[in-house]
1. What FRET efficiency, computed as 1/(1 + (r/R0)^6) with R0 = 25 Å and r the Cβ-Cβ distance, is obtained for LEU75 and SER159, rounded to the nearest 0.05?
2. For the range 194-253 and the range 146-180, what is the separation of their Cα centres, given in Å?
3. Cut-off 18 Å, label point 7 angstrom out along Cα-to-Cβ of GLU16: give me the residues of the range 215-247 whose amide nitrogen falls inside.
4. Considering only DSSP states other than H, G, I, E and B, which GluC sites (Glu not before Pro) in the range 1-99 qualify as loop sites with at most 11 other Cβ atoms within 10 Å?
5. Compute the separation of the alpha-carbon centres of the range 1-39 and the range 58-85 and state it in Å as a whole number.
6. Among (i) 15.0; (ii) 12.9; (iii) 12.0, which one is mean projected area of the Cα convex hull in nm² computed from these coordinates?
7. Between HIS6 and residues 5 or more places away or on another chain, which pairs have amide H atoms under 5 Å apart, with H built 1.01 Å from N, and which residues are they?
8. Along the Cα-to-Cβ line of LYS146, 7 Å from the Cα, sits a label point; which residues in the range 35-73 have backbone N less than 11 Å from it?
Amino acid sequence: MLIDSHCHLNYKGLVEDQQAVIERARAAGVTAMLNISTREREWADIIATAERHPDVWASVGIHPHEADDHGDLQLERLIAAASHPKVVAIGETGLDYYYEHSDRSRQQESFRLHIAAARETGLPLIVHTRDAEEDSAAILRDEMGKGPFTGVIHCFTASAAFAAIALELGFFISISGIVTFKNAHDLQNTASTLPLDRLLVETDAPFLAPVPHRGKTGEPGFVADTAKFLAQLRGEGIGDLHAATSANFYRLFSKAKP
């Protein structure tokens, strides 16, 4: 078993040949994929893709880049969309201060709204954070004090200190193909020490294709290359890492069924 815990099957580069992309992933040993939404207008298509494929699941949420364009997002709409049987997560949400495509305060408001939805539905939160560690940690800690929720820091590239905070709060950490890049020394050091029972792997396809596919359009099947690199980095058997990350996926995204 091997699971791509974060991909965008409805994004340009994959959606044009979606069926073949999914079949290639299966051929690479991928037994499940979590198809992530970033805008409200995508939700129906994201869910429809999951409905067509028993091994594809869906999330509903608004990416921090899109926060300015979703100022009217209501908690009730998010919760209602999350009730679909193939929706297993809330997000992706969070903070991105690198590009700042949306106002920081609007990003923070959206982040808190998604946390409220995760708390209300019991579904895990998919968190994106870039150049926003301090505020991300502060919001997660503050909101955790209002009531528990679970989640994952996706496509982890933050510091070891932020990883420790996320683990302390009960979060999982997902490693993408970035870990295979030759200049990703800090990430490799952090990834090598993460507890196996909190680890997930992902592609973020069509982005961030791992070595040896750099420069190509990312696909869910490439998660096998990331997992292979990660197992070698951590000194673990590839089968052990496959089994652990798959078990972790179903433990976190408990609404999904193998």
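Taken together, the values in this text are just the output of simple stated rules run on the coordinates, not laboratory data. Because the structure is a prediction, the values reported are computed rather than measured. As a convention, Cβ positions derive from the backbone with ideal geometry for all residues, glycine included, and neighbour counts pool all protein chains shown.
1. E(calc), rounded to 0.05, equals 0.20.
2. For the range 194-253 versus the range 146-180, the Cα centre distance is 15 Å.
3. Answer for the range 215-247: 215-220.
4. none
5. Value for the Cα centre distance between the two parts: 21 Å.
6. For mean projected area of the Cα convex hull in nm², the calculated option is (iii).
7. LEU34, THR203, ASP204
8. Answer for the range 35-73: none.
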